[in-house]
Each structure stands twice: as C-alpha cells, then as structure tokens.
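Below is one structure, written out as structure tokens; the observations come after it.
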Amino acid sequence: MPADVIQCPSCNAPVLPKGGSSVVSCPYCGASVILPRELRPESGVGTWSTLLFDNFVSNDNNWRAGNQPADEYFYNMNQTVTDGRYRWDGKLKRPFTISTSWLNAYTVSDFHLIANAKHIRGSKAGSSWGLIFRIQDNHNFYWFRIMDNQFVGVSVVKNSEWIELIEWARTETVKPNGVNQLEVIARGTHFDFLVNGQAVGEVDDERFSQGLAGVAIEGYIAEEELTFDFLDFTLRAP
C-alpha cells in the first residue's frame, strides 16, 4: 500500500487523502477517517491575524452578563466575567434549551475560532457547551458542542429549525471533568472541527456565508442545575 494511503478503521479498505481536509470519508463504507498528523495538509491558518483574544479578566468585550430574568426556559441564569473566567450558572426549566452569548463587533467569513472551557456542575450527559458561529440572529447559526460523557455534535439552526450536520458521536478526545479546547476552522462552505487539537469531523454547508461568533450552553434535563466556566476565546481570520 502506498505511503500516503491509509486503511479505514471500520472496513479496512484503502483510503486516499484528498483536498485540504484532515478528515475524509471512506468511499466503501462511508465512515469518517481522521488522517494521521503527518498526512494532513497544511491549513494555512497559522498566517491568519488574531482579531480578538479574550481571557475574561474583565468584560471589555461586552459579553452578555448579569442575572437574566426567569423565562419559559430557565428558572435563572447568571453570567459573570471576572478573574479569568466567564461563568454561567443556571437552572433549567425545560429540556433541550440553549443559552447563547456572542460578540457584535466581528463579522467574519473565513475564520479560526478557539475556546477553552470546563463543565463545573451538572450531569455528564445532561448538558453541553460549545461554539456558535456565522450567527445571523437567535434563530440562525451553526453550533458545535461537546458533552462531558465524550460526545460531540454539530448542528445548523435556520429559521429556528434544527438540522444535524454531524450526529452525536463518542470521541475519546474529550476529557471528562477537565478543561477542553474546541476549534472551528471555516473556509468558504467547508468547516473543520477539533477537540483538544485533534480533528473530530468536517462538513460542507452553504446556508450562511458569514456572521458573528460566540459561545453557548445547552441543557437536556428539566430541573438540571448547570455551571460552566469559559476560560478564553480567540477569533482569527485571514
């Protein structure tokens, strides 16, 4: 087998790396195959400029903060930016509820988005945190998130309709009970997703060509009490 061809871990068929992606689909069984680092093409993102790095020492970037009033989704939600963390404390009123926060100063098309965060309180399978991007408004955005039980998923929300782009799947790249780093690299209609520096998936989607970026949490169990700490947020672009 040539040096640049790898075997599919599901069916053992030969898979040839192609294009600019670090994840390719097996042409025989359709499984996603993550390329070894030595076979991954250079992404070029290393030359991109940093538009924003926020380590949450203060709220100079005007993230959503304060005690949010109770509504049909949360009994309470308190968000504070202090001492190097952006903490979210809340209690869920109804399941499958998302809470978001984004920055209004940076509209980007191609970008590299990075955040580190830790799940502090709540069941491992009861909630998730992650990155939202190419945000148009509360009803239109992309959503990449992980759970502490080592599951990862990607969705797009268009006109409040949720469409799964990457179905929930388990990956050992997620560190349960630890600080995890999520990354999204967007180039045109193509998106690469990484957890702790390791590729976990890729998709092509053309619904939104540009937009804002931010963070979010999602709860799945009514009455669940949740706490998350976002530790930093980096946005880079060509």
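Quick note: the coordinates plus some simple rules give every number you see, no bench work behind them. If you're wondering where the values come from, they're calculated on a predicted model, not measured in any experiment. Methodologically, a virtual Cβ is constructed for each residue, glycine included, from the backbone with ideal geometry; neighbour enumeration extends over all protein chains shown.
Annotation for His190 and Gln7: the two label points, set 7 Å from Cα along the Cα-Cβ direction, are 2.8 nm apart. Pairs of lysines in the chain whose Cα atoms sit within less than 26 Å of one another amount to 8, provided the residues are eight or more positions apart or on different chains. Scanning residues 5 or more positions from Asp110 or on other chains, those with amide H under 5 Å from its amide H are Gly188, with H placed 1.01 Å from N in the peptide plane. Specify the residue with the greatest mean-square fluctuation among Phe193, Phe111, Phe208, computed from a Gaussian network of the chain linking alpha-carbon atoms under 10 Å apart. Comparing Phe193, Phe111, Phe208 in a Gaussian network model of the chain, the most mobile one is Phe208. Across the range 122-134, rounded Karplus estimates of 3J(HN,Hα) from the backbone phi angles (6.51 cos²θ - 1.76 cosθ + 1.60, θ = phi - 60°) give x, 5, 4, 9, x, 6, 9, 9, x, 10, 10, 7, 6 Hz, Gly and Pro being marked x. What the Cα atoms of the chain give is an Rg and a Dmax of 18.1, 61 Å. Find which of Leu52, Trp102, Tyr86 sits farthest along the positive direction of the dipole of the range 43-237, computed with +1 on the beta-carbon of Lys and Arg, -1 on that of Asp and Glu, about the Cα centre. Comparing the listed Cα positions along the dipole, Tyr86 ranks first. Comparing Glu223, Glu202, Glu161 in a Gaussian network model of the chain, where Cα atoms under 10 Å apart are tied by springs, the biggest mean-square fluctuation is seen for Glu161. Note on the range 139-238: along the principal axes its Cα atoms extend 35, 30, 24 Å, ordered by decreasing extent. Restricting the calculation to Cα atoms, the range 87-139 yields a radius of gyration followed by a Dmax of 13.4, 36 Å. Measuring r between the beta carbons of Asn78 and Trp168 and using R0 = 22 Å, the FRET efficiency lands at 0.20. Residues within the reach of a label modelled at Asp60 (point 7 angstrom out along Cα to beta-carbon, backbone nitrogen below 11 Å), restricted to the range 117-132: there are none. Take the Cβ atoms of Asp71 and Ser49, set R0 to 30 Å, and the FRET efficiency comes out at 0.20. Which residue fluctuates most in the GNM of the chain (Cα springs below 10 Å): Asn76, Asn12, Asn116? Comparing Asn76, Asn12, Asn116 in a Gaussian network model of the chain, the most mobile one is Asn12.
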